[in-house]
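Notes follow the structure.
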Amino acid sequence: MKGIFILFCCFYVTDLLQAQDIIPFREANSYVFELDYNFKTKPPPPKDFISMTDTSPGTTDLLPYVKVKFDLLTLGQNDYRIKVVNGHGGSVFSRKLKGPMAFDIDMGFAEDIKDRIVPHSYSVYFMDKAKNILSQITIEVKKDGELLLNEQVYGKL
């Protein structure tokens, strides 16, 4: 019985610690989100690149290309820096906030995103001077092309 109680306490403490790490989503009325979906020609691979699966040369077809645009309308009192990180952990950019601003995230070709050839998720972090994360905006594309903004369905690629 004592072992069950200790096990229960461990799970309870773990849940409390995880709850403290939850980053709230940015208020939807503080920014405007726009999906920029247009068509581009995919450049051919480098001449020294050998693909074992794709035997066709570069294509001249127009393919769906995805960018997302943000227009920050208001900033919080403690907002000092913005940082965008892709799902692979790579930093896309980091800037100090001097006032409302606009920025784009170039996600890439729609099929590459769905096939996970390029990152399929991004997090936009709003931080204070001490680099503590205050809020976030998340963007994710599922394998079926469903686009999620802050874990809510926004549309489909």
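The numbers here are math on the coordinates, done by the rules we state, and not lab data. Here the structure is a predicted model, which is why all the values come from computation and not from measurement. With ideal geometry, Cβ positions are generated from the backbone for all residues, glycine too; neighbour counts draw on all protein chains shown.
Overview of results
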| item | result |
| --- | --- |
| Sequence-distant lysines (8 or more away, or on other chains) whose Cα lies within less than 24 Å of Lys156 | Lys40, Lys42, Lys67, Lys69, Lys114, Lys142, Lys143 |
| Lys67-Ser30 pseudo-label distance in nm [points 7 Å out on the Cα-to-Cβ vector] | 2.5 |
| Label-point separation in nm, Lys131 to His88, each point 7 Å along Cα→Cβ | 2.2 |
| Coil-residue trypsin sites (Lys or Arg not before Pro) of region 63-111, DSSP, other Cβ within 10 Å capped at 15 | Lys98 |
| Residue order, fewest to most surrounding Cβ atoms within 10 angstrom, among Met101, Met107, Met127 | Met101, Met127, Met107 |
| Nitroxide proxy distance, nm - points 7 Å out along Cα→Cβ at Asp21 and Asp144 | 2.9 |
